[in-house]
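Structure record follows, encoded as structure tokens.
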Amino acid sequence: MAHESSAAVQSLEQLDRASLLHPFTRADDFAAGRVPGQRIVQSASGIRVTDAHGRSVIDGMSGMYCVNVGYGRQQIVDAISQQAAELPYYHIFAGASHPKAIVLADKLLELTGGRMKRAFFGLSGSDANETQIKLVWFYYNVIGKPQKKKIIARQRGYHGATTMTASLTGLPNYHSGFDLPFALVKHTLAPDAFWAPETDPQAFSQRCADELERLILQEGPETVGAFIAEPVVGSGGILPPPAGYWAAIQAVLRKYEVLLIADEVITAFGRVGHMLAIDGYGIEPDLLTLAKGLSSGYAPVSASLVGPKVWQALQDGAKTHGFFAHGYTYSAHPLGAAAALANIRIIEEEGLCANSAEVGAYLQQQLRQRLAGNPLVGDVRGAGLLQAVEFVAEGPPQRRLEPSLKFSAQVASLAMEEGLLARPLPVNDIVGISPPLMLTRSDADQIAEMLHRAISRATERLSAAQRQGGV
Ligand SMILES: Cc1ncc(COP(=O)(O)O)c(C=O)c1O
């Protein structure tokens, strides 16, 4: 792969600053060239990405938690290109369809063991969750409970960036400046066992469920329609559920007839060691959202899977409302569907779910061993190949690092110097690692070593600054 000359890269960087509005990037700093992480990624293969200067690093984030099968998969490239040659586009409105959409829908329903009855396709996790909320509202209108429209999400949950899904997202940055969240959205406790006062995870899980029940009662159960949650919290801190969490939460939802939307945009397709995380945590959703690993990011595609209750309401509702008035020009886009089918075949044939569980546990163990003596490492946690390290101030007692130190951002930037792309998460001081799922133990060793070195260097820098009285 040819790389650009330094002058060409510089001019691309300049053009980037002058033309693109980048998501989740400070507009002022970026435009002025003050964002240190500006990187133009040009090519990728396996678990590595290469920038325009020709520097290759391990992609410890699988793009944005999505390239589950890794880069450069010729089978997916071929599937997309054959599809583009045969039928680059056709819609599925009003009775029209095309083979890949049909086969993919059938495949996804099969993966749920028949628990879901229909698949609706979109292009992103955000639009798929947006669809779920419309389905919930439609459902309650049809069954004669039109006041049951509030949606409960969780603090630190991430569900997207459209107006409704940003409202669901439980991170303040997503709301301020946009007049969000919508009044119909309420947030309950994050399942963050690390900062919980309870030492018994079951007791903490019960408190989360009690808190959910308190919120439902406060709002009025007749007004609460659905609860949306990720089986394992992703961007909001990589929080596997504490023991007993999902059983306790679902008992409350059933008691007040609140629908459950499982947002599996990150967790499905092997990321946490299962094809569907609901199977790992005993979750029985009414609606299930898929995106990211569905096509491993090779083409945009998402799915909103519809369980029996809502499917029944969609059929009954046709009598009053006529056709199901929802969908996008690019719903079930043939290229996305072809990519998804080829991608799922790879995940199944190569046993990537089992590999994620196995190598993920190994990576966690390696990180724990290497980081054991560091007083700033508070927690190493995760599931499958979705792992995190959380940093704390030197204690006891357990307390947060001063946010202005931007410690996790420093770690990520030093990890980059070591050759590893890791992600500082938007809450607390947490660095996330979620590499492609065909990771080997030797890759995991490399990642653990690079992260260890980055964390040690960041720790030394902080100690040096503290000795000099700088912080
Ligand atoms: C759990 C979850 N839901 C929804 C989304 C939104 O997906 P997208 O960015 O494709 O709109 C994300 C994105 O990170 C996510 O992690």
remark   = Cα extents of the range 302-358 along the principal axes, largest first, in whole Å, come to 50, 26, 13
ask   = When the helix-only estimate is applied to the chain (DSSP H runs of n ≥ 4, each -39,500 (n - 2.57), divided by the residue count), what is the mean residue ellipticity at 222 nm, nearest 500 deg cm²/dmol?
value = -13500 deg cm²/dmol
ask   = Over all distinct alpha-carbon pairs, what is the Kirkwood Rh of the chain in angstrom?
value = 23.3
note = Residues whose built amide H sits under 5 Å from the amide H of Val233, excluding neighbours closer than 5 in sequence, are Leu239
task = Could you provide, to the nearest whole Å², the per residue accessible area of the chain with probe 1.4 Å?
result = 43
message = Need the list of aspartates and glutamates near Lys145 for cross-linking: C-alpha distance under 16 angstrom, and skip anything on the same chain fewer than eight residues off.
response = Glu219, Glu222, Glu257, Asp316
inquiry  = Quick check on the chain: of the DSSP beta bridges with both residues there, what percent are antiparallel, nearest 5%?
reply    = 65
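Pairwise over distinct Cα atoms, reciprocal of the mean inverse distance: report the Kirkwood radius of the range 117-248 in Å, one decimal place.
Working: mean 1/r = 0.0643 Å⁻¹.
Taking the inverse mean of 1/r over all distinct Cα pairs, the range 117-248 comes out at 15.5 Å.
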task = Just need the relative contact order of the range 74-349 here, percent rounded to a whole number, with Cα pairs under 8 Å and 6+ apart.
result = 28
query = Rounded to two decimals, what is Rg over Rh for the range 74-349 when you use alpha-carbon atoms and the Kirkwood radius?
reply = 0.97
Rounded to whole Hz, the Karplus (6.51, -1.76, 1.60) HN-Hα couplings of the range 196-204, x for glycine and proline = 6, x, 5, 8, 8, x, 4, 5, 5
query = How much of the accessible area of the chain, probe 1.4 Å, is carbon plus sulfur, in whole percent?
reply = 55
query = Taking +1 at the Cβ of each Lys and Arg and -1 at the Cβ of each Asp and Glu, which of Ser126, Ala85, Ala268 sits farthest along the dipole of the chain towards its positive end, judged by Cα position relative to the Cα centre?
reply = Ser126
query = In whole Å, what is the distance between the alpha-carbon centres of the range 41-102 and the range 328-349?
reply = 9
note = Projected convex hull area of the range 206-312, Cα atoms, direction-averaged, in nm², equals 7.4
query = For the range 335-440, what's the radius of gyration and Dmax over Cα atoms, in angstrom?
reply = 16.5, 54
query = Using +1 on the beta carbon of Lys and Arg, -1 on that of Asp and Glu, and nothing else charged, what's the dipole of the range 74-349 about the Cα centre, debye to 20?
reply = 560
task = Could you give the spread of the C-alpha atoms of the range 404-471 along their three principal axes, from largest to smallest, in whole angstroms?
result = 45, 23, 14
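The values are calculated or read from the model by the stated rules, or taken from the named source; none is laboratory data. These figures come from a predicted structure and were not determined experimentally. All Cβ positions, even for glycine, are placed from backbone atoms using ideal geometry, and neighbour counts span all protein chains on display. The accessibility values were calculated without ligands, DNA or RNA, using every heavy atom of the protein model including side chains. Shrake-Rupley method; radii C 1.70, N 1.55, O 1.52, S 1.80 Å.
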